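First comes the structure, then the notes that go with it.
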Amino acid sequence: MMAMARGYLALGRAVWMAVFAVMLGAGSFWVWHVLTRDPAVAPSARRHAPDYYLIDMVRHTMDRNGDLQNVLMADEVYHYPDTDATELSRPRMEIYNDGASPWQVVAERGTIKADADLIVLHGRVEIWRLDDAGEREFEILTSELRVFPKVQYAETDNAATIKSLNSVTKAKGLRANFEHNRVELRERVRSRIEHK
């Protein structure tokens, strides 16, 4: 009976030694894995996932004199740390200058680049300004627009259409200087006057 008890005791020690050896091996593998991975790449930066988001965002930007320069609104905002870019859903901008009414810029989607000096608007992009009666003086339609809010400037290389009360103008590419209320059409400009 005593020999049998010693046999069980020896078997129990062997099992515990095997469990200890497996745990030691697993711990060593984990330490090796942690030490050999690239510490410059954080785990959250390895995947394209937002680190924060906003719903119904409204951002007011003032100029050096404290006057309102622009307002940026978006239904949803997602910031991605791996690219340091911010994605906007249904962005809308109001760009102010000395004029009576602000320029309006609306798009389906947008991206604020890492340095925040550039907003790229994607999808259907509309630009307009209201006259004294509250009607659109004209509207500009394009598919992608690069907006530089600090200098109140925007441009595109894509096709653009300008519609006013009695004319339609189409061009490839445009530059908009919101500060001086100027729009420059770049190439292949064609206009059609409509008599109403």
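The values are calculated or read from the model by the stated rules, or taken from the named source; none is laboratory data. Predicted model, so just to flag it, every value in this text is computed and none were measured. Cβ sites come from the backbone with ideal geometry, for glycine too, and all protein chains shown count toward neighbours.
Give Ala107, Ala74 a once-over and let me know the one that is crowded, with 16+ Cβ neighbours inside 10 Å, within 15 Å of Ala154 (Cβ to Cβ) and either assigned by TED's automatic domain parsing to the domain that holds Asn158 or in contact (Cβ under 8 Å) with a residue 40 or more places away in the chain (or both).
Ala107
Determine whether Ile193 is in contact (Cβ under 8 Å) with a residue 24 or more places away in the chain, surrounded by fewer than 14 Cβ atoms within 10 Å (Cβ to Cβ) and out of contact with any helix residue (DSSP H, G or I) (no Cβ under 9 Å at 6 or more places or on another chain).
It is true that Ile193 is in contact (Cβ under 8 Å) with a residue 24 or more places away in the chain, surrounded by fewer than 14 Cβ atoms within 10 Å (Cβ to Cβ) and out of contact with any helix residue (DSSP H, G or I) (no Cβ under 9 Å at 6 or more places or on another chain).
What strands (runs of 3 or more DSSP E) completely inside region 86-196 contain at least 2 residues that are farther than 24 Å from Leu72 by Cβ and not basic (Lys, Arg)?
153-164, 167-177, 182-193
Would you pick out the residues in region 168-190 that are more than 30 Å from the chain's Cα centre (by Cα) and exposed (fewer than 12 other Cβ atoms within 10 Å of the Cβ)? Talk me through it step by step, then tell me what you get.
To start, the set of residues in region 168-190 that are more than 30 Å from the chain's Cα centre (by Cα) comprises 168-169, 188-190.
Matches in region 168-190: Arg188, Arg190.
Which one of these is closer than 25 Å to Glu184 by Cβ and among the small types (Gly, Ala, Ser): Ala85, Ala133, Ala159?
Of the residues listed, the single one that is closer than 25 Å to Glu184 by Cβ and among the small types (Gly, Ala, Ser) is Ala159.
If I filter region 19-48 down to residues being surrounded by 10 or more Cβ atoms within 10 Å (Cβ to Cβ), within 24 Å of the chain's Cα centre (by Cα) and in a helix (DSSP H, G or I), which single residue comes out as modelled with the lowest pLDDT?
Checking each candidate, the answer is Ala45.
Condition first: over 23 Å from Gln104 (Cβ atoms) and not acidic (Asp, Glu). Now tell me which residues in region 67-87 satisfy that.
Answer for region 67-87, where residues must be over 23 Å from Gln104 (Cβ atoms) and not acidic (Asp, Glu): Tyr78, His79, Tyr80, Pro81, Thr83, Ala85.
Can you work out which of the residues in region 148-167 that are at pLDDT 90 or above and of a type in the set (Ser, Thr, Tyr) is farthest from the chain's Cα centre (by Cα)?
The residue in question is Thr161.
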